[in-house]
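Undergrad: Structure provided below as structure tokens; questions to follow.
The values are calculated or read from the model by the stated rules, or taken from the named source; none is laboratory data. Being a predicted model, the structure only gives us computed values, none of them experimental. Quick reminder, even Gly has a Cβ in these numbers, built from the backbone with ideal geometry, and neighbours come from all protein chains shown. Ligands, DNA and RNA are stripped out before the accessible areas are found, and what is left, the full protein with its side chains, is counted by its heavy atoms. Shrake-Rupley method; radii C 1.70, N 1.55, O 1.52, S 1.80 Å.
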Amino acid sequence: MRPATRTRGSSNAVTNGVGVQAEDTRICVVMVGLPARGKSLIAQKVVRYLGWLSITAKCFNVGNYRRTATPQPNAAFFDTSNKEGERLRKAAAEAAVDDMCKWFRSPDNLIAILDATNSTKPRRRWIKERCDAEGIETIFVESKCDREDIILSNILEVKTTSPDYEGLDPEHAAKDFLERIKMYERVYETLDEDEADMTYCKIINVGSQVIINRIQDYLQSRVVYYLMNLHIKPRSIWISRHGESMYNLSGQIGGDANLSARGRKYAEELPTLVKRSAGDSPLTVWTSTLKRTAQTAQHLPYEKLAWKALDELDSGVCDGLTYAEIEEKYPRDFKARDEDKYNYRYLGGESYRDVVIRLEPIIMELERSENILIVTHQAVLRCIYAYFMGSTQEKSPWMEVPLHCLIRLTPRAYKTEEERLFADVPAVSTWREKGSKAAHQVQTLSISECAEMCTDIACAQDTPENSRRPSPSIAAQTKP
Amino acid sequence: MDTLLTADLAAKSFMLRRRSSTNVDAIHDLPEKESLAPAQLYSTESGRLFHSGRIVISTVGLPARGKTHISVALARYLRWLGVKTHIFHLGDYRRAHVGQTGEMPDDYFHVNASSSSVLLRNKILKKCREEILHFLNHENGQIAIYDAVNPLAAGRRALAREFEKHNVQTLFIESACTDERIIEENVRSVKISSPDYKNWTPEEAVRDYLQRINSRIPHFETMEETDLHYVKMINAGERVIVNNCAFGYLSQRIVFYLLNLHIKSRQTYFCRAGTTKDEENYKADASLSAEGEAYAHKMTDTLIAHRESERRNLIAHGAPESTALKPLNVWTSTRRRTVETGAEFEARGYRVRQRSQMSQLNPGVCEKMSERKIREKFPDEVAKHEQDPYHHRYPRAESYHDLAVRLEPIILELEREQNDLLIIAHESVLRVLYGYLMACSATDIPKLQFPRNEIIEIIPASYNNSAKRIHIPGLPQKLVPGSPEDIQIPVAPSGTASPFSGIGTPAEEGSGSLPLRPRIAVTSHSPT
């Protein structure tokens, strides 16, 4: 660890005087492994996890650099005796590492992931020396797998949709890809004693054995722990806000109010809604410790667990006020919050950033678990949603999550699929657009209006990639 | 536990399951009654966490490889998480069997031992195993840590099979060293302080000790059994091999904890933040008052002077003149008063970090209310609080339990930190962190006291930690007791529990109504 610390400038300006600090440690996570060992999947997940924790991370995929020169190479290109192929691949690696070093010069950029096979010892030594010279720590993450079934399913699910094989016959693509792997296998060297001086984590057969060498700091241990918690069993996560509460009706924020009559109706319908989506698969329900979530979950016939960490964002002095009252009593705060909602910490309360920090153990548990249904609150739900969907900090605090709507998230190799199910129980809208006046919407929306609004908002507010959704109720978000 | 030189320790333990007789660190005590642990998430009828089964954690490794350190640290963390954990030192059973003065047969650890030795070995092993199973089957135990050498693969397989029959998983943790220096260091610091080595030079003592290990335990097989669940830590965590361990919530947590554990010793200091301009208001997040700033200066001077005197002390005891202490880092919360209290350290070039998880306990709606008003408005809550000050939440407030759960990442970073560390935080946060390091029970944590005129120093040791208090001289009396952010409540008459025994500290010291003094030993303590 280096001695200097640095306060993140962006948060300093807008919170009540104090921000979150990150270690001045820059780490390059170097992926190692044959093709179809889940390297890119791991890289994507790590970037998303760190980004969510406000640790700026970026993935540098050497394949993308190589593709600019050779968009659709065949397996022969990857033959090590193919001098031209070898030269082009080395050039691509150099270009990626150069770009990465440039990227690290910006003080906010902390973790880069170099996604490539990095299959030989000289190549890895070269990367380490480049990084050492720039003062960047390296951690090599090797995914080693010799179980044919895992490799094949990986090839079929992921690789044949790779840009290298776009428009080609899948069967032909798979065959060519197996050839390509053979080329790499000839020169592949696993991490071993010769590299005992390096920091590395070697994951063998999806975690049946993990070797962790020379972890240097807490952040690295955090990344390794995260990697060890990942599993590849199919599962879904359902999230819902609590049913409409008395405070929702009066437009007050925070508090620990009971459900309204309509909120209770939603609680009664929730088991059917869940059953429609989950069928008979087993699941566990997580709620917050506030009355409204426990009341919403009361009819669900599953094991329940109440987490304090799932409680609503604490609005401090503003707890129990309406937005109009906040605007009147604390006009400067109201404006400051609009300007940077993610970092704004309510007087005596929390910011979205604070909520994310306290949610981290929940995310780790979620990665480890199988089917989970979470009944929680607007701000918390936005944070969990942002983790799975990779939404940005500018947008996630403004995301519309209507009441009486069940969201199903299904993590897949390269994207999380989303589906929204609406209970036919009307509710007030608690959503306030950025910069808008603090008028409480007293009119209630019908189910169709609600769904309609939801699509609009999703398009406008959510990540830009998903603006062409097919339908409001079943919408899949694709992450590149 | 050390196999050879702990007779004195065994003499102190009046039963096989140890209860520490000192009031220092309660890690070796079995909680007397059923109570929730500091960071336990929920309780079940069986007393076990539902998302994990029963596990025996069995150590593997020759003496002086840090097995006891790992066992104790792990037990501390698991208990903190609310997992009912107990350590079973096989050495204790052996000593109980052969008696304090009795000699062990020379071939006790040998592979081809005589039949009488094998018989003795099996008898001792059986007794220990029975107690482990009793703890797991009849005392709601969830994790038993079995501290033994376990040198042979065949023995380890048999052990895992035996527990498997009772539906208990076995996780082996091997501590291996390829670096002789680490072993020698370990022997020097832990093993040869025994009376046996009085008047020996350290070098000779180390050599003799290692020789004794080699002749007593000539056969040792490192773990290679891929069918077993194991974690192998090589050279104090420089390399960690995790084999077949993704079998549950707890196994993953244990591995993460082990990744952050090191065996180097360092000091931790705790101190309070200065007083602020708006004493009574939790939500205002006020700046330090003039008095608060004066406190920050005095505290900084005192700690730096204390560290310098420690250094001189080392030199006086033979360390070279160039001896330097470990660098000191400072952690504060993100609350203004703690940041400003740490500013003096920053100005003097120390590294100061803010940790948002370390904000104080949120007092909720009862902030600024008098005790009478609270009793009037929330009589039910007061009754509940008196029953269980650790877990009870006043309306919209956090309980100590909530605080403990929120502090978990801090605990792990605390374990990883290799430099000396000063934590400046609210009394409620200090109580919880102290509770972790000293294995206090949930009932005691809300009552711990950290007056402002003292810096607490935690001195780590592998068998148990100890604490001492460093006096800060020259502070005005009114600054000393109580937390400035505490709710101001009149001192309850003697014998009456205050509704805020958890949140507040009575306004005056020595008024006869003080809660129990926390279990802080004034002297340092070295058990082995």
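Undergrad: Just give the residues from the range B:214-245 buried by at least 30 square angstrom of accessible area in the all-chains context relative to the isolated chain, probe 1.4 Å, and say none if nothing qualifies.
TA: By number: B:E238, B:R239, B:V240, B:I241, B:V242.
Undergrad: Within the set A:K58/A:K434; A:K83/A:K175; A:K329/B:K368; A:K90/A:K128; A:K144/A:K182; A:K45/A:K395, which residue pairs have Cα atoms separated by over 18 Å? Could you put the intermediate results ahead of the total?
TA: Numbers: A:K58/A:K434 28 Å; A:K83/A:K175 23 Å; A:K329/B:K368 21 Å; A:K90/A:K128 15 Å; A:K144/A:K182 15 Å; A:K45/A:K395 20 Å.
Violating the 18 Å limit, Cα to Cα: A:K58/A:K434; A:K83/A:K175; A:K329/B:K368; A:K45/A:K395.
Undergrad: Round to the nearest 10 and report in Å² the accessible area of A:D108, as given by a 1.4 Å probe over the protein chains' heavy atoms.
TA: Ignoring ligands and nucleic acids, A:D108 comes out at about 70 Å².
Undergrad: Roughly what % antiparallel, to the nearest 5, for the DSSP beta bridges in the range A:237-466?
TA: About 50 percent, rounded to the nearest 5.
Undergrad: To continue, here is another question. Show me the ranking of peptides A:301-314, A:395-408, A:318-331 by mean Cβ neighbours inside 10 Å, starting with the highest. Walk me through the intermediate numbers first.
TA: Details: A:301-314: 19.1, A:395-408: 22.1, A:318-331: 16.7.
Peptide ranking by packing, descending: A:395-408, A:301-314, A:318-331.
Undergrad: Could you tell me how far the Cα centroid of the range B:58-93 sits from the Cα centroid of the range A:64-83, in Å?
TA: Result: 54 Å between the Cα centres.
Undergrad: Grab the other residues whose beta carbon is less than 12 angstrom from that of A:L373, score K and R as +1, D and E as -1, and report the net. Let's see the in-between values first.
TA: Working: positive: A:R235, A:K275, A:K304, A:R408; negative: A:E303, A:E370.
Once positives and negatives cancel, what remains is +2.
Undergrad: Quick check: Cα centre of the range A:286-339 to Cα centre of the range A:195-268, how many Å?
TA: Answer, in whole Å: 19.
Undergrad: Given 20 °C and 1.002 mPa s, compute D for the range A:350-396 with the Stokes-Einstein relation, Rh being the Kirkwood radius over Cα pairs; round to the nearest whole µm²/s. Display every interim value, and only then the final one.
TA: Details: Rh = 11.2 Å.
The calculation lands on 192 µm²/s.
Undergrad: Step by step: find N for the range B:83-238, compute 2.2 N^0.38 Å, then divide the Cα radius of gyration by it. What's the final number? Working shown, then result.
TA: Working: Rg = 17.1 Å, N = 156, 2.2 N^0.38 = 15.0 Å.
Normalised Rg, Cα atoms only: 1.14.
Undergrad: Here's a follow-up. 7 Å from Cα along Cα→Cβ at both A:E268 and A:D146: what's the point-to-point distance in nm?
TA: A separation of 6.2 nm, rounded to one decimal place.
Undergrad: Could I ask something else about it? Once both labels are modelled 7 Å past Cα along the beta-carbon direction, what's the B:I304-A:V187 spacing in nm?
TA: Going from the B:I304 label point to the A:V187 one covers 5.7 nm.
Undergrad: From the phi of every residue in the range B:350-358, what ³J(HN,Hα) in whole Hz does the Karplus formula 6.51 cos²θ - 1.76 cosθ + 1.60 yield, where θ is phi - 60° and glycine or proline is x?
TA: With coefficients 6.51, -1.76 and 1.60, one gets 7, 8, 10, 10, 9, 10, 5, 5, 8 Hz.
Undergrad: Per residue of A:202-211, count partner chain C-beta atoms within 10 Å of its C-beta, then hand back the mean as an integer. Spell out each step's value before the answer.
TA: Details: counts 1, 1, 3, 1, 1, 5, 6, 7, 9, 7.
Per residue, the average neighbour count from other chains is 4.
Undergrad: Can you run the Rg to Rh ratio on the range A:24-229? Use alpha carbon positions and the Kirkwood inverse-distance Rh. Display every interim value, and only then the final one.
TA: Details: Rg = 16.5 Å, Rh = 17.4 Å.
Expressed as Rg/Rh, it is 0.94.
Undergrad: Now a separate question. Could you state how much accessible area A:V206 has, in square angstrom rounded to the nearest 10, with a 1.4 Å probe and all protein chains kept in place?
TA: Here the accessible area works out near 80 Å².
Undergrad: Residues with beta-carbon under 12 Å from that of A:R105, excluding A:R105: net charge, scoring Lys, Arg +1 and Asp, Glu -1? Walk me through the numbers before you get to the answer.
TA: Working: positive: A:R26, A:K102; negative: A:D98, A:D99, A:D108, A:E134.
Spelling it out: positives minus negatives among the neighbours equals -2.
Undergrad: Please report the accessible area of A:S153 (heavy atoms, 1.4 Å probe, ligands and nucleic acids excluded) in Å², nearest 10.
TA: Around 70 Å² of this residue is reachable by solvent.
Undergrad: Round to the nearest 0.05 the FRET efficiency obtained for A:A69 and A:E370 when R0 = 56 Å and r is the Cβ-Cβ distance. Could you put the intermediate results ahead of the total?
TA: Working: r = 43 Å, r/R0 = 0.77.
For R0 = 56 Å, the calculated efficiency reads 0.85.
Undergrad: May I pose another question? Ranked from the most accessible area to the least, with a 1.4 Å probe and all protein chains present, what is the order of B:S428, B:S215?
TA: Values: B:S428 0, B:S215 70 Å².
Order by accessible area, largest first: B:S215, B:S428.
Undergrad: Take the alpha-carbon centre of the range B:189-246, take the same for the range B:372-423, and report the distance between them in whole Å.
TA: Cα centroid of the range B:189-246 versus Cα centroid of the range B:372-423: 40 Å apart.
Undergrad: Once you order the gyration tensor axes a ≥ b ≥ c over the Cα atoms, which shape class does the range A:227-377 get: rounded for a/c under 1.5, otherwise prolate or oblate by comparing a/b with b/c? Display every interim value, and only then the final one.
TA: Numbers: a/c = 2.81, a/b = 1.44, b/c = 1.95.
Verdict is oblate for the range A:227-377.
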